[in-house]
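Please read the structure below before turning to the comments.
The values are calculated or read from the model by the stated rules, or taken from the named source; none is laboratory data. Because the structure is predicted, anything quoted here is derived from the model rather than measured. Cβ coordinates were reconstructed from backbone atoms using ideal geometry, including for glycine residues, and neighbour counts include every protein chain displayed.
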Amino acid sequence: MGRRLLVDRLRMRPTGPSVSRRGMLGGLGGLAAVGCATEGKSPVSGDTGVPTPPEGTCGPGSPTAAGDVLSAGASPFEENPFQLGVASGDPLHDRVILWTRLVVEPTDVASSPSASADVIWQLFADEALTVMVQEEMVVATAESAHSVHVDVDGLDSATEYWYRFICGAHESPSGRTRTLPCEDATVEVARIGFATCQNWQSGFYASHRNMAEARLDLVVFLGDYIYEAGTTGEVRDHGAPECFDLEAYRNRHGLYRSDADLQAAHQSAPWMPIWDDHEFDNNSVGGSTDDADVAARRTAAYQAWYEHMPVRRGPVADGSLQIYRAVDFGTLARFVLLDGRQHRDLQPCGDDIGATCDEVFEERTFLGAEQEAWVRTVFETSSEQWMVVANPVVMLPIDLAGSFLNPDQWDGYPSARARFMDTVATHAPGRTVLFSGDIHAAGVGVVPEDPAVYDGPAAIAEVVVPAVSSRFENELAISVGAILAVQAHIGWWDWSVNGWTQATISADAIDVAFWLVDDRTDPVSPVTPARTWRIEAESIVPVET
C-alpha cells in the first residue's frame, strides 16, 4: 500500500511512491482498545486536516498483510545523518506524525547532498524494539531539507508505541509516542507538559532533560522554539547573524535541535507545538504584506518551522500555514491550540510598553475572523469536562490604571479578548484553563469577566508557563511585577524563574506543578517542583497546595 510522504508541501508537490511492510500485530494482549463510537461528536479532528474516521470505528487498528522485510539501500550521506534526533507529534486516537531530518552538519544545510535519500521508518509495540507493528520506506528530498513527516495510521487508541528511522547503514535513536484515547472514552487522568521560550543564548535546557524523565502523555509547546536574532554572547552563541532567508532559518533550527536535552524531550512523548513571534521575527503580526522582502522572509520562516516540527500540516502555495487546531483527550479534555500571530492586526500604541493610548479601544482582531469563528464552533460543540487552551501570549489583564500596557499581549486587543471571554462564558464557564507563554515569567491567576474589575467574577483560569531558558529584561515590567503579585486576580507571579509546567488533569481538578531550574546557565542544573496549584472545576480559582 502506498503512503504519501509529507514533504515539500510548500509547493504542494506529490512525492514518489513508497514501499511498505505494514502488519498490525494481532493477539497482543492490552494493545487492542475497546471499540468506542464516535457518533455525535463534533468534527474537531477534521479541523486539523485529518480525515475523520467512519462513525463507530475508534478502537483497534485495521490489520494489513505483512510483506517482505525492507532493507536500506545506499545513502547519499556518508556519515550519520540523524544528528537532530527524532520526534513524534499531532497524535489522534488512531494516528501520529513521526519526524526526523537527515543532516550531518546541523548549522550548515548547504553542505548536505542534493540527492534524495531513502529512509525506512519502523514502529514497534515495545520499548526493546522487538515487536514490529509497521515498517515503510519513504523518500527525503533536498527541497525539504531532507525532513521526513510520516502520518502513521491504523493505530490503537491510548497506546504507547516506539519508533526509529534507518538511512543506509545508520539507525536513528528510538522515540516513544502515544496515541490519544477515543473521543468518547472515559479517561481518569492525563499528564501533560507545557513549555515555551527556549532562547539558546540565554541558557541551557535542563528543563527538557527533566521533562523527558516524566514520560508524559503529551507535550504542548507554546512558541518561541527558536530565536531569530544574531549573536549576543550571553551564555552560548547563535554563531550567526539574524535570520532572513530559508537557509538561515534552517540552520537556526538545526542549532537548537542539536541540543541533546531537547532531543530527549522530543523522543520521550508526542508534541503539539504552536509558534509565537521569534520563529519569524520579534512581535511579528499578520499574514499578508505589500513588502516582498517581508513576505519572502515569512515564507522561509514558516517552511523551516514545518520542516523541523512533528506536525501534520505543511505550508500551502502562498506560504501560509494553519497551525490552530483542536483535539479531544477522551471526554476528559479538549485541547485548543491558537495561532496568535499570523492573523492578528497590528499592535496599538506603536507596540511600545508603557502608558496606554486611544488605539487600544479600537476594534482590533487578535485571532482573525476565520479563527475566531472556528474557536466559537470548537467551544459550542464541546462536551468535555475541561477546555484546555494553548495560548501563545498572556490574557491576564496587566493594565494598571492606564499606567502600564504591553500592547503585544491580549491587553492590546480588549475587544478581541471580550469576544473570547463571551464565548467561554456562554459555552464553557468554570471549565476553561489557559496555558500561556511568551512573557518569560511564571504565574497563575484568573481572567475576570470584566478586566476593569480585578476582584470581579472569574471566567477563565490562566497558567503562565515559565520560559525554558529565556529571561525577562524589561525593568519597567519587573517593577510592575511586584504590584501584580498582590492583585486580586493573580495568585502568584515571578519574573525570575525558568522551567516548565506539568498539568495533571482529572475530572475534578487540574493540578499544576511548576518545575523550576536552579540555574539556567548550568547545563546539568537540578530541576525541582517548586510551586503547585490546584484548579477545581466550577470554582476555577487556582489554590496553592
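Of all residues in the stretch 150-183, those satisfying the criterion of being among the β-branched types (V, I, T) and in contact with a Phe, Trp or Tyr (Cβ under 7 Å, 6 or more places away or on another chain) are V150, T177. Just to be sure, is G233 modelled with pLDDT of 95 or more and either more than 25 Å from T501 (Cβ to Cβ) or not polar (S, T, N, Q) (or both)? No: the conditions fail for G233. Restricting the stretch 236-288 to residues that are crowded, with 24+ Cβ neighbours inside 10 Å and basic (K, R) leaves a set whose member that is farthest from R312 (Cα to Cα) is R252. Just give me the residues in the stretch 170-205 being farther than 21 Å from D261 by Cβ, touching a strand residue (DSSP E or B) at 6+ places or on another chain (Cβ under 7 Å) and part of a loop (DSSP other than H, G, I, E, B), in sequence order. Of everything in the stretch 170-205, those that are farther than 21 Å from D261 by Cβ, touching a strand residue (DSSP E or B) at 6+ places or on another chain (Cβ under 7 Å) and part of a loop (DSSP other than H, G, I, E, B) turn out to be T179, L180, P181, C182, E183, D184, A185, V187, V189.
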